[in-house]
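Report on the following structure.
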Amino acid sequence: QVQLVESGGGLVQAGDSLRLSCAASGLTSSFYNMGWFRQAPGKGREFVGAIRWSGATTEYADSVKGRFTISRDNAKNTVYLQMTNLKPEDTAVYYCTAGRIFGVTASQYTYWGQGTQVTVSS
């Protein structure tokens, strides 16, 4: 059974940094691309960023480019989302996802975590 467990969310002030982690278990190999999406109250799920299984390629939404960085440690089956210079509009539930396709839409991913809340106060 595949499980993705996010951690590291919390309440921070604008300008602060936060690092989210996603621990994966049950994946039969490390050849899974990993992504982060977020969902704010009353809005749809939004792509944040993704990283290929090798870690060689990353992709980011324009809204977070230059502020967020995705990395992964395949030995630990963990992917990270380093967030800097956080803004109130970054407030959302952040979801980790895994799939065989490297994409920017939610439907391209197979497995999802339960999400972790990030709240940025002004």
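Side notes on the structure shown:
- Residue in segment 66-74 that is charged (D, E, K, R) and over 14 Å from Met34 (Cα atoms) present: yes
- Search result, residues across segment 54-89 that are of a type in the set (A, V, I, L, M, F, W, C) and more than 14 Å from the chain's Cα centre (by Cα): Ala56, Ala75, Leu86
- Residue list for segment 1-27, restricted to those being surrounded by fewer than 17 Cβ atoms within 10 Å (Cβ to Cβ) and either closer than 14 Å to Asn85 by Cα or touching a helix residue (DSSP H, G or I) at 6+ places or on another chain (Cβ under 8 Å) (or both): Leu11, Gln13, Ala14, Gly15, Asp16, Ser17, Arg19
- Residues satisfying the stated conditions in segment 81-122, i.e. open to solvent by 40 Å² or more (accessible area, probe 1.4 Å) and under 20 Å from Ser25 (Cα atoms): Arg100, Ile101, Phe102, Gln108, Thr110, Tyr111, Trp112, Gln114
- Qualifying residue in segment 3-16 (condition: under 20 Å from Val93 (Cβ atoms) and β-branched (Val, Ile, Thr)): yes
- Figure legend. Inter-residue proximity from segment 55-80: first residues among the basic types (Lys, Arg), second residues in a loop (DSSP other than H, G, I, E, B), beta-carbon distance below 6 Å, spacing 6+ or different chains. Indicated pairs: Arg67/Thr84; Arg67/Asn85; Arg72/Gly55.
The values are calculated or read from the model by the stated rules, or taken from the named source; none is laboratory data. All figures in this text were calculated on a predicted structure; none of them were measured in a lab. Heads up, the Cβs are rebuilt from the backbone with ideal geometry, glycines too, and the neighbour counts pull from every protein chain shown. Remember, those area values only see protein heavy atoms, side chains included, never the ligands or the DNA or RNA. Shrake-Rupley method; radii C 1.70, N 1.55, O 1.52, S 1.80 Å.
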